[in-house]
Amino acid sequence: MPYLLSFDDGFASNRLIAETVLARHGVKALFFVCPALVDLPAAERPSAVAQGIFGGRKQSDHPDVTRPLMDWADIRALHLAGHEIGAHSLTHRRLAGLEEAALRMEVNGSCDRFGEVLGRAPDWFAWPFGDIESVDGPALEAIAQRVRFCRSGVRGLNRP
């Protein structure tokens, strides 16, 4: 039976899981990463993660706020090991309601950055937060213009 195993946000623990658990079983996965967060200096990443991924929560509110992100060496290693790297927007902004220029930057900017670093743009995109309130028609159109596949966290039966 086919399956799709994916990881969101690009935490350093993703590479650890890929190398220690998935590799042992010959499993490949799909890792969704926000390139602008990876591009930040390491000292700036925790506050960007707290703000962009965890909605401004503090470590006392959510212990995962300080989890480190992968760097480009980690992402290249996953890519070279045969895992798929997908775009998760440029900075992990909620796409619904963004003005066109900001929306294009989040979608196209993320795809372009992966092209620069990995030598090819991604085939996959997962919009941040994965819920239906975080995406809208213009966002889906922008995504469809850049990638072959789009994934969400919305549960239920998919229909055309």
Checklist outcome for this item: With a 1.4 angstrom probe the carbon and sulfur portion of accessible area for the chain, in percent, totals 54
Item to check | Mean accessible surface per residue for the chain, computed with a 1.4 Å probe while every protein chain stays in place, in Å² | outcome: 55
Checklist entry - Of LEU69, LEU78, LEU140, which has the largest mean-square fluctuation in a 10 Å C-alpha GNM of the chain? => result LEU140
Item to check | Mean separation of Cα contacts under 8 Å (6+ apart) over length of the chain, as relative contact order % | outcome: 21
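The values are calculated or read from the model by the stated rules, or taken from the named source; none is laboratory data. Treat the numbers as computed from the prediction; the structure is a model and nothing was measured. Areas reflect the complete protein model, heavy atoms only, side chains present, ligands, DNA and RNA absent. Shrake-Rupley method; radii C 1.70, N 1.55, O 1.52, S 1.80 Å.
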